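Undergrad: After the structure tokens below, expect a handful of questions from me.
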Amino acid sequence: MIFPDCQELLLDVDDGILTITLNRPHKRNAMNSRLVAEIMTVVESVQDESSIRAIVFRGAEGNFCSGGDISGMNLEQADDDLVAKATWEFNRVFGRMVTTVNRAPQIIVAALEGAVMGGGLGLACISDVAIADENAMFAMPETGLGIIPAQIAPFVVARIGLTHARRLALLGDRVDGEEAVRLGIAHFLTHSKEELEAQLQKVTARIRSRAPNATAATKRLLLDVGVVEHEALLDAAADAFTAALRGEEGQEGTAAFVQKRKPCWAESDDGE
Amino acid sequence: MIFPDCQELLLDVDDGILTITLNRPHKRNAMNSRLVAEIMTVVESVQDESSIRAIVFRGAEGNFCSGGDISGMNLEQADDDLVAKATWEFNRVFGRMVTTVNRAPQIIVAALEGAVMGGGLGLACISDVAIADENAMFAMPETGLGIIPAQIAPFVVARIGLTHARRLALLGDRVDGEEAVRLGIAHFLTHSKEELEAQLQKVTARIRSRAPNATAATKRLLLDVGVVEHEALLDAAADAFTAALRGEEGQEGTAAFVQKRKPCWAESDDGE
Amino acid sequence: MIFPDCQELLLDVDDGILTITLNRPHKRNAMNSRLVAEIMTVVESVQDESSIRAIVFRGAEGNFCSGGDISGMNLEQADDDLVAKATWEFNRVFGRMVTTVNRAPQIIVAALEGAVMGGGLGLACISDVAIADENAMFAMPETGLGIIPAQIAPFVVARIGLTHARRLALLGDRVDGEEAVRLGIAHFLTHSKEELEAQLQKVTARIRSRAPNATAATKRLLLDVGVVEHEALLDAAADAFTAALRGEEGQEGTAAFVQKRKPCWAESDDGE
């Protein structure tokens, strides 16, 4: 697979797992326009690649992501209307990227260490599986700066519910890994670098035991709940079920189950 | 009350509580088409019976329900189109049944022991009150078999939220009773067969202290949140409130309160 | 600021924080029509006052609010149609008030002690930040009286999700402060009167560190999630972000951040 050239990201593929590392450690991996565009391009480039089973997001040098890097907007050089337009685009494009990653057919994993703030929290909130280090620090500091958590709001509400989103967005409270798991930001809590890597291995092993197309169909279905009307959703779900059971993966999966062997897609798996 | 003949269910009525026991222990109570149809028929048959205050679902011989029993579909004998159609119907009819039970006017209770998997988890997710044994095992194993958790997806998302649904559906992780309570699948955790029966007694005693028609109206209202527009919902809620307060139950309930006695519907109640 | 005359409320303003105390202790602060109307009037009167940063709701003499005070309806004097109409209005007006307070631009704080029942629970459920005393008692007792938790249903479901709302509304179970925090009714648990006051001080200090207009814009956005369509919401969010960053608060907030000083709106703040 040939990925687009990236300046702000490190990319790595290992046995079907693509790892995207946000790589602006001098800014605690704050996202500028280029970084956001690069994530969008990379994720879209693997959209039809079922050989890529998962995308792991993490940050370079101990922080996940400290938010949007407003300093990179170069606001001084332009007239007022142009600056307003650039500000709008800078903000909006981030929401487009998060919307796209949320709907990626692959399983999205987030490894959350250090700062997970503002836009970084938004990105964490669309992961299918999130692992939080106990020392990670989650916050929406925006209103303390006179600005707002704009593009991330719907993803935070979908993640932790309105009740907790109100407190975190309006008070700007910082929460650690343990509280993040309690609030539902993350699924797994780890207590050291080693434990985080081990948990990541466990998760990717599980991912390799799952059928890729069935995974993509399941994810689409979950994200359509509340968007598509109930009976129409269940009709579409029955379509997808029938296609899956009668397709290659369903035939192989049920045969492997009867024969008490691993299905072909799980051959490198040592989890389960 | 005369119930329809059932092959796959055991039925019992005790002082207003109907217990439906899934009774295919050789398959860990996996649901075939007949079992699904029988649940539908029984639940519909008591739809207008306010003497039935609650329906308790449980499984025979230590398991709640291990999912859908695909083996019962008899796929070999028919041509391809017929098989596809049968598969679709087999799947879809389960969603229709769960949708119906979700909207039953009675309080639905689930006693969750052993396997609570796939479709069994879906059925658990529409209970109003769920009790989980610490050794119960909850999972959506579908994508490991190349298929998908199709009809249950919306009920799982409504039950535990998108965040936890993503992890459980996409990784197929098994969780025990304690984690099920933490995730919101169940309300009460018990540590032995005896404790589960005692908790069930406590719950049914509470149920007998509640007015049946007010219960049905309340349940309808809760299930309409997010479906009916906010102001219209509150208008309908005020209609229902007025009817309840001025109806037999409201008159009896408020009179009993003032007179410090139990209302007529709670006469056999020893809870509260 | 001149507030409307209130008979059922105590009002206090301290450095931008308006405290509204429900003051019918002989009825454990049960809400009659007048009290509901007074809350509505007071909250609407500060709607455009950005000098009022937060509204704290609490109850006089150790209880928050025991629900709606039906006894105040004066039902005897009128004919049947008039009584039905008055009952409907009594109920519906409460839902209008809660809907308005939910959308107030200020941060709503609830200090929850003693009885938090029925309508009192509904009011608690639209707070942005709720502090619960360990001995507080939360319940929806309605169906035990033959009536229904009508106007509060959507707010309870939005607060704690359908799963927990089903159990609490249908069984009428009482839960204490610790369980209320676990279920997401409240954010903070306190163990004494002193601790509750201290936590309240911490919360109001945080509130003073937040920019008022950014707060109002953020709150509006959070409440529009699930109401406004996703892409339209993100477009509006980018509008609000651009206005905030380029407005007075955004300029002051980002300048203060660079200059490592407190922004002007946080001058009296000793939190952060």
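The values are calculated or read from the model by the stated rules, or taken from the named source; none is laboratory data. Being a predicted model, the structure only gives us computed values, none of them experimental. No Cβ is skipped: glycine too gets one built from the backbone with ideal geometry, and neighbour counts run over all protein chains shown.
Undergrad: Among the aliphatic types (A, V, I, L, M), modelled with pLDDT of 95 or more, exposed (fewer than 15 other Cβ atoms within 10 Å of the Cβ) and not assigned by TED's automatic domain parsing to the domain that holds B:Lys202: is that true of B:Ala232 in this structure?
TA: The answer is yes for B:Ala232.
Undergrad: Mind checking whether some residue in segment C:83-97 is in contact with a Phe, Trp or Tyr (Cβ under 6 Å, 6 or more places away or on another chain), in contact (Cβ under 8 Å) with a residue 60 or more places away in the chain, of a type outside the set (A, V, I, L, M, F, W, C) and part of a helix (DSSP H, G or I)? Write out each step before concluding.
TA: The initial filter retains those residues of segment C:83-97 that are in contact with a Phe, Trp or Tyr (Cβ under 6 Å, 6 or more places away or on another chain), namely C:91.
Pick out the ones that are also in contact (Cβ under 8 Å) with a residue 60 or more places away in the chain and you get C:91.
This time we only want the ones that are of a type outside the set (A, V, I, L, M, F, W, C), so: C:91.
Within this subset, residues satisfying the condition of being part of a helix (DSSP H, G or I) are C:91.
Yes, segment C:83-97 contains a residue that is in contact with a Phe, Trp or Tyr (Cβ under 6 Å, 6 or more places away or on another chain), in contact (Cβ under 8 Å) with a residue 60 or more places away in the chain, of a type outside the set (A, V, I, L, M, F, W, C) and part of a helix (DSSP H, G or I).
Undergrad: Quick one: how many residues across segment C:26-53 are in a strand (DSSP E or B) and either closer than 30 Å to C:Glu249 by Cβ or in contact with a Ser or Thr (Cβ under 7 Å, 6 or more places away or on another chain) (or both)?
TA: Matching residues across segment C:26-53 total 0.
Undergrad: Answer yes if at least one residue in segment A:204-211 is within 17 Å of the chain's Cα centre (by Cα), more than 27 Å from A:Lys27 (Cβ to Cβ) and either within 14 Å of chain C (Cβ to nearest Cβ) or without any contact (Cβ under 8 Å) to a residue 60 or more places away in the chain (or both), and no otherwise.
TA: no
Undergrad: Additional query: Inspect all residues belonging to segment B:89-97 and state whether any of them is more than 7 Å from chain A (Cβ to nearest Cβ), farther than 30 Å from B:Asp15 by Cβ and among the acidic types (Asp, Glu).
TA: So far as segment B:89-97 goes, yes, one or more of its residues are more than 7 Å from chain A (Cβ to nearest Cβ), farther than 30 Å from B:Asp15 by Cβ and among the acidic types (Asp, Glu).
Undergrad: So which pairs qualify, if the first residue must be in segment B:116-128 and touching a residue at least 12 places away in the same chain (Cβ under 8 Å), the second must be among the polar types (S, T, N, Q) and surrounded by fewer than 24 Cβ atoms within 10 Å (Cβ to Cβ), the Cβ gap must be under 6 Å, and the two must be at least 6 apart or on different chains?
TA: B:Ile126/B:Asn102
Undergrad: State whether one or more residues within segment A:54-68 are outside any helix (DSSP H, G or I), at negative phi, crowded, with 21+ Cβ neighbours inside 10 Å and among the β-branched types (Val, Ile, Thr).
TA: Among the residues of segment A:54-68, at least one is outside any helix (DSSP H, G or I), at negative phi, crowded, with 21+ Cβ neighbours inside 10 Å and among the β-branched types (Val, Ile, Thr), which makes the answer yes.
Undergrad: Any chance segment A:251-261 includes a residue that's aromatic (Phe, Trp, Tyr) and more than 7 Å from every other protein chain (Cβ to nearest Cβ)? Break it down into steps so the answer makes sense when it comes.
TA: Of the residues in segment A:251-261, the ones aromatic (Phe, Trp, Tyr) are A:257.
The next check asks that each one be more than 7 Å from every other protein chain (Cβ to nearest Cβ); those that pass are none.
No; the residues of segment A:251-261 include none that is aromatic (Phe, Trp, Tyr) and more than 7 Å from every other protein chain (Cβ to nearest Cβ).
Undergrad: Can we say C:Gly68 is more than 14 Å from chain B (Cβ to nearest Cβ) and more than 24 Å from C:Ile207 (Cα to Cα)? Steps first, answer last, please.
TA: On the way: more than 14 Å from chain B (Cβ to nearest Cβ): no; more than 24 Å from C:Ile207 (Cα to Cα): yes.
Judged against the criteria, C:Gly68 is not a match.
Undergrad: Against the condition at the interface with chain A (Cβ under 7 Å from one of its Cβ atoms), surrounded by fewer than 24 Cβ atoms within 10 Å (Cβ to Cβ) and at pLDDT 95 or above, how does B:Val181 come out, does it pass?
TA: no
Undergrad: Out of A:Glu49, A:Glu38, report the one residue that is touching a strand residue (DSSP E or B) at 6+ places or on another chain (Cβ under 6 Å), on the phi < 0 side of the Ramachandran plot and among the charged types (D, E, K, R). I'd like the intermediate steps shown before the answer.
TA: Values: A:Glu49 fails: touching a strand residue (DSSP E or B) at 6+ places or on another chain (Cβ under 6 Å).
Checking each option against the conditions leaves just A:Glu38.
Undergrad: Identify, by number, the condition in (1) outside any helix (DSSP H, G or I); (2) buried (at least 21 other Cβ atoms within 10 Å of the Cβ); (3) within 14 Å of chain B (Cβ to nearest Cβ) that C:Leu168 doesn't meet.
TA: With respect to (1) outside any helix (DSSP H, G or I); (2) buried (at least 21 other Cβ atoms within 10 Å of the Cβ); (3) within 14 Å of chain B (Cβ to nearest Cβ), C:Leu168 is out only on (1).
Undergrad: Quick one: which of C:Leu162, C:Leu200 is more than 10 Å from chain A (Cβ to nearest Cβ), outside any loop (DSSP other than H, G, I, E, B) and touching a residue at least 12 places away in the same chain (Cβ under 8 Å)?
TA: Result of the check over C:Leu162, C:Leu200: C:Leu200.
Undergrad: If you don't mind, another one. Within segment B:121-142, can you find the residues that are of a type in the set (Asp, Glu) and over 17 Å from the mean Cα position of the chain (by Cα)?
TA: Within segment B:121-142, B:Glu134, B:Glu142 qualify.
Undergrad: State the number of residues belonging to segment B:146-159 that are more than 7 Å from chain A (Cβ to nearest Cβ), farther than 19 Å from A:Ala186 by Cα and in a helix (DSSP H, G or I).
TA: Residues in segment B:146-159 being more than 7 Å from chain A (Cβ to nearest Cβ), farther than 19 Å from A:Ala186 by Cα and in a helix (DSSP H, G or I): 1 in total.
Undergrad: Only one of (1) out of contact with any His (no Cβ under 8 Å at 6 or more places or on another chain); (2) buried (at least 24 other Cβ atoms within 10 Å of the Cβ); (3) closer than 28 Å to C:Ser51 by Cβ is not met by C:Val129, so which one is it?
TA: Evaluating C:Val129 over (1) out of contact with any His (no Cβ under 8 Å at 6 or more places or on another chain); (2) buried (at least 24 other Cβ atoms within 10 Å of the Cβ); (3) closer than 28 Å to C:Ser51 by Cβ leaves (1) as the failure.
Undergrad: Restricting to segment B:113-145, name every residue that is touching a Pro at 6+ places or on another chain (Cβ under 7 Å) and either under 20 Å from B:Thr100 (Cβ atoms) or within 11 Å of chain A (Cβ to nearest Cβ) (or both).
TA: Matches in segment B:113-145: B:Gly118, B:Met140, B:Glu142.
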